[in-house]
Ligand SMILES: Cc1ncc(C[n+]2csc(CCOP(=O)(O)OP(=O)(O)O)c2C)c(N)n1
Ligand SMILES: Cc1ncc(C[n+]2csc(CCOP(=O)(O)OP(=O)(O)O)c2C)c(N)n1
Ligand SMILES: [Mg+2]
Ligand SMILES: [Mg+2]
């Protein structure tokens, strides 16, 4: 097998870290479903099947400076971006200490100013113009940063997608739009969402760079996002990237996906699962040894156990805080 | 000079009719400005520079069956579609007899059920999804019609443009989206509106047929719209057409275009004015003789005089009608 | 009479209207095979096929806008907004287009479109799956806004909405979907849009409300009856335009009025109810009009204890009615 | 003190704030070289250049959404909606995003964005260039809505809006732009958002209103003073959240209250004013609260005589005040 990561300038250590984060995201996600089925958390939204694209993308950005607007499936992304497993669990238990919203929002609605991560809401695609606004502001201030935003392929049909992309194109702003195409918008498949072959076919209409890549391959994601980021830094404007993924779980814990797709289809997709295929790649090259794998799994399990435990015991915000932060509170 | 219209199956009579309507639209428009400057009508919105595309398009559609949603500059189109000069003048004088809205709306806000012409409002691009809805309904009912809608290039940046186009693409509906690109959205030129070379570059993102044509040439317009209509009838779905025009007048009678463009630029554009160039073509071929031209100009002037006179004398709607037709009135 | 749930009433009304009139069709996100995320359109795809039960792209402005076009063509579309919170991208189509088409065309064109939208809190939906959106639209002439509380009203009013020749926003309380059950006649019936309904008669205090809060009021009234307090409950059913006569009559009857909404207070539809009473009943009142509503904060949080603080419940109503009775 | 027009007050406030704080910038359709279709941003492009006076594509949701992003980055965008009627495509960004960002992030992020929008009738604008849009937003916690009536208030409140750390919708009456002139101090000043202002003192009847109608009320009051009727005029200035204390005090003072809005009546912001009075002033009133508003029809027609019928004018106010005084 060809060593693809050395060619990209990654050390073995780097790709192990990449895999580590992908695996952590996966294991966190799996734990969330268990907690949900056990009645401990009321709701789960999943990243399974999209970790590779998310983590590869994060590695291509400047994690000290860039601004990001991840959407609700981006567990892999936000982990790579600096959110801790404990913070994720606090978020899923909706506890007062959750840095995203103190339990005000549903899980997966990220937002963390310390990490330059914009606050995400439920109505889809509203984050796209926000990311453009960040880029416009940075350009105005002369700050050399990239603004990165993600969304689903169903969401690419909202007006806000179009208006944001065109605005970024006209002003040649350093924005990376990354569509995580997981083939479904809840129950509605690609055929009833989109009439183009690729979401990235839309790039031309905004005069921007467009590219579709294998969303199961973190290195492909890295490469695409790196290219887009380099273009952005060189003043060549925004890019529209599309990660071709597959949603391995139901839409959320409230969904029954067997009403609109078959088990066979999901099983087929699982063969291409990026967490498995990237592990296979690393094993093949001898980078991921059985010992390393064992150590990783154990460490991650322990971290998730502790985080779950912590979050479960953590208090909710004081109910009277529902009245707070409607407007700025002046001391 | 090559005879292009015979090749398209048009008789000389046909193209004279085409020119007649273009000229009528132009002369009506010129009269409106005079009436405005004379203080007789408070507002004008103009078609000048877009007549060729509008009239050519109308000739490619079935004027007995198709549904249309023209926008506020489509004087040429609605004339070709069956609105009379008198009705246009009633509209511009905002009289009670105006079939479009009885003076409720501003001039140029067309709508005429008898002519299968949808009611147009001021917020731009809202008509696009309506035209898609008409096509969806016709498909549901098994009616073999085409739904035709126009809008400006600035308006092509509204979310509704995107959502409507994608919807039509997904359902392969018989809709023709014709963008009248007149290079300006009020004061904002192409460079600050769009980052693509052609509005029709966006067609691919909706899996539809796209084409840009010379908006000063009614035969080019005919050809493009005919191709789109044929595709629609064959079940090949929607098309995105772009007429490359130029707005020869200020945006409206409230605008001063010299604050954002030069006289030289407008003068240059006037050289390509479709009304003049089509007349030249017809003269060259001997189709438009000096006698015919004189007859036409005189007949048109007389028609406009009479229509103006009629409209000016026609009463406004009764002021108490402001309370009517908020909801259906049962007997 | 059969006893059915609130959501079954929705499904039955849709099914029966589609059977009755081939021009009726349903469109929205996940309304097809999936039967809607709440299962309101369950079974319709199988019965009527994909031509009349249309899964749309994820684009609310198009859903409403395409619905308007189809309605102008002569059909009777029923457009589903997956959650009322997500109808805001369609605001322009609703307010500028659907509501104004008849008026602006001087009665030439009309838009017989029904927009269904599940609203309301108490389902752990967090900020964006719990809101009441009616106040945003309850000032737009040309629209009608229906918000029923019982399966009986749901069925009769949804049918009326579909048959109406003007656009109707039909808000369904999502917490009521499975919680509220009630009798509906076996024979077909339609109820009038624009008419409030006295859900309980009483002499001491009048409660005027709508949606799930009607049930909270009924529970509170039952309890208070034991204390000798007699409560009249007026269910608005249509919140725009309001049934002024019924409001005035209900206020005059007891002279003490409690207005209740699950929405945040300032600018809610009960403010208009209060205004109507203030204009028309000054000399009939024995106590100031009181309003009970959610706090003036953006929306209810996801975390259970915070959600609970935000929400109405029968106890809050009971206390407010008692206070008024004792005034 | 210089006498300037209402629109000059807008331009001065923008210019001075841009000079004072480099984080302030202006964006919208035609705001650049053209200086805005009303000329509100006249001269700013020349002084501050295209980086800080940005002509945007024709896309209101993006204008607001991009403004939100820039505000989250730390700038203070002033986004112009060319006409208030055309802000509806941006409703989702305004209500779901701008208004809720601070709350949903538990005070982590904030959106110091000002949205300017010319509203109001009397300019032959027809259905879609004449509307009052405030009621659509005046029920959204997290937003502030300012609607000034005089050049002095415009300047002081627009500056306050730009400096405010939360989103503010700043509605400017387009008929007032050139019609209304008034004094403004030479020295810099800022006025408080959320405070109503007594524009005229009086003992017999209280008029509560905002925007251009304040001037109609002042004219009517002047005329009625000759008949011995003394009118108090409270200018709301901020219509959301309302200044409850000032409203209650104004109502109590005369016991006879006329509420006036140019908007259609049902569900307008004066309904909330009526509700506040109904809740708090029952025993202070000598007459029922009266509302004067536009008819409940979609919007004012273009044709001059129909527009006139639809609109308020000083005579209508005069009559209504006199009726109340004689009650
Ligand atoms: C404006 C809006 N409409 C509807 C919804 C309900 N909804 C939540 S997720 C979703 C599907 C999103 O599909 P996609 O964009 O492909 O993202 P995915 O969930 O597949 O990652 C829908 C319809 C919403 N959140 N926002
Ligand atoms: C939603 C909306 N925003 C703003 C306006 C104000 N406006 C009217 S026409 C216009 C420019 C339209 O440009 P374009 O679409 O290119 O059409 P053109 O007038 O050039 O034919 C604008 C901004 C509007 N009518 N609707
Ligand atoms: Mg998807
Ligand atoms: Mg144009």
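The values are calculated or read from the model by the stated rules, or taken from the named source; none is laboratory data. Quick caveat, the model's predicted, so the values are computed rather than measured. Because the Cβ atoms are built from the backbone with ideal geometry, glycine has one as well, and the counts that use them run over all protein chains shown.
Remarks
- Residue in the range C:35-45 that is under 21 Å from the mean Cα position of the chain (by Cα) and more than 17 Å from residue C:174 (Cα to Cα) present: no
- For the range A:183-192, filtered to residues that are in contact with a helix residue (DSSP H, G or I) (Cβ under 8 Å, 6 or more places away or on another chain) and assigned to a loop (DSSP other than H, G, I, E, B), the residue that is farthest from residue A:251 (Cα to Cα) is A:183.
- Listed conditions (1) within 16 Å of ligand 4 (Cβ to nearest atom); (2) assigned to a loop (DSSP other than H, G, I, E, B); (3) surrounded by 23 or more Cβ atoms within 10 Å (Cβ to Cβ) are all met by residue B:122, apart from (3).
- Here the strands (runs of 3 or more DSSP E) wholly within the range D:196-288 that include at least 1 residues being farther than 23 Å from residue C:284 by Cα and more than 14 Å from chain C (Cβ to nearest Cβ) are D:197-200, D:205-209, D:231-235.
- Residue match in the range B:296-303 (condition: over 21 Å from residue B:151 (Cβ atoms), touching a residue at least 12 places away in the same chain (Cβ under 8 Å) and within 14 Å of chain D (Cβ to nearest Cβ)): no
- Among (1) within 14 Å of chain B (Cβ to nearest Cβ); (2) part of a helix (DSSP H, G or I) - the single one residue A:134 does not satisfy: (1)
- Taking the listed residues A:95, A:63, A:73, the one that is away from chain B (no Cβ under 14 Å) and over 16 Å from the mean Cα position of the chain (by Cα) is A:95, with no other qualifying.
- Scanning the range D:21-44 for residues that are over 13 Å from residue D:10 (Cβ atoms), surrounded by fewer than 21 Cβ atoms within 10 Å (Cβ to Cβ) and more than 10 Å from every other protein chain (Cβ to nearest Cβ) yields a single hit, D:21.
- Of all the criteria given as (1) more than 10 Å from every other protein chain (Cβ to nearest Cβ); (2) part of a helix (DSSP H, G or I); (3) in contact with a strand residue (DSSP E or B) (Cβ under 8 Å, 6 or more places away or on another chain), the one not satisfied by residue B:164 is (1).
Matching residues to (1) over 16 Å from residue C:85 (Cβ atoms); (2) under 13 Å from the mean Cα position of the chain (by Cα):
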site: C:129; (1), (2): no, no
site: C:134; (1), (2): no, yes
site: C:149; (1), (2): yes, yes
site: C:162; (1), (2): yes, no
site: C:179; (1), (2): yes, no
site: C:187; (1), (2): yes, no
site: C:191; (1), (2): yes, no
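- Residue B:206 vs. criteria surrounded by fewer than 24 Cβ atoms within 10 Å (Cβ to Cβ) and more than 16 Å from ligand 1 (Cβ to nearest atom): no
A quick yes/no check of all residues on (1) away from ligand 1 (no atom under 16 Å from the Cβ); (2) in contact with a strand residue (DSSP E or B) (Cβ under 9 Å, 6 or more places away or on another chain):
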{"position": "A:140", "(1), (2)": "yes, yes"}
{"position": "A:156", "(1), (2)": "no, yes"}
{"position": "A:170", "(1), (2)": "yes, no"}
{"position": "A:181", "(1), (2)": "no, yes"}
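- Total residues in the range B:71-119, condition farther than 21 Å from residue C:70 by Cα and within 16 Å of ligand 4 (Cβ to nearest atom): 7
- Where helices (runs of 4 or more DSSP H) fall entirely within the range C:75-185, those with at least 3 residues that are more than 10 Å from every other protein chain (Cβ to nearest Cβ) and surrounded by 24 or more Cβ atoms within 10 Å (Cβ to Cβ) are at C:151-163.
- Matching entry among C:221, C:251 (being assigned by TED's automatic domain parsing to the domain that holds residue C:274, within 29 Å of residue D:264 (Cα to Cα) and more than 21 Å from the chain's Cα centre (by Cα)): C:251
- Of everything in the range B:215-244 that is part of a loop (DSSP other than H, G, I, E, B) and in contact with a strand residue (DSSP E or B) (Cβ under 6 Å, 6 or more places away or on another chain), the residue that is farthest from ligand 1 (Cβ to nearest atom) is B:215.
- Scanning the range A:181-191 for residues that are more than 7 Å from ligand 3 (Cβ to nearest atom) and either free of Cβ contacts under 8 Å to residues at least 12 places away in the same chain or away from chain C (no Cβ under 11 Å) (or both) yields one hit, A:191.
- Test result for residue D:58, within 8 Å of another protein chain (Cβ to nearest Cβ), modelled with pLDDT of 95 or more and either within 29 Å of residue D:176 (Cβ to Cβ) or within 16 Å of ligand 4 (Cβ to nearest atom) (or both): yes
- Tallying residues that are within 16 Å of ligand 4 (Cβ to nearest atom) and either without any contact (Cβ under 8 Å) to a residue 40 or more places away in the chain or more than 14 Å from chain D (Cβ to nearest Cβ) (or both) within the range B:251-271 yields 3.
- Residues of the range B:171-187 satisfying the condition of being crowded, with 24+ Cβ neighbours inside 10 Å and over 21 Å from the mean Cα position of the chain (by Cα): B:173
- Of the numbered criteria (1) more than 13 Å from ligand 2 (Cβ to nearest atom); (2) within 22 Å of residue B:72 (Cα to Cα); (3) assigned to a loop (DSSP other than H, G, I, E, B), the one residue B:195 fails is (2).
- Selection of the range A:274-292 for residues being surrounded by 14 or more Cβ atoms within 10 Å (Cβ to Cβ), in contact (Cβ under 8 Å) with a residue 12 or more places away in the chain and over 23 Å from residue A:35 (Cα atoms) yields A:274, A:277, A:278, A:279, A:281, A:282, A:285, A:287, A:288, A:292.
- Condition met for residue B:152 (more than 15 Å from ligand 4 (Cβ to nearest atom), closer than 23 Å to residue D:27 by Cα and either crowded, with 24+ Cβ neighbours inside 10 Å or within 14 Å of chain A (Cβ to nearest Cβ) (or both)): no
- For the range B:213-259, the tally of residues that are touching a helix residue (DSSP H, G or I) at 6+ places or on another chain (Cβ under 9 Å) and under 17 Å from residue B:149 (Cβ atoms) stands at 15.
- Some residue of the range B:173-182 being in a loop (DSSP other than H, G, I, E, B) and either near ligand 2 (Cβ under 10 Å from one of its atoms) or more than 26 Å from residue B:51 (Cβ to Cβ) (or both): yes
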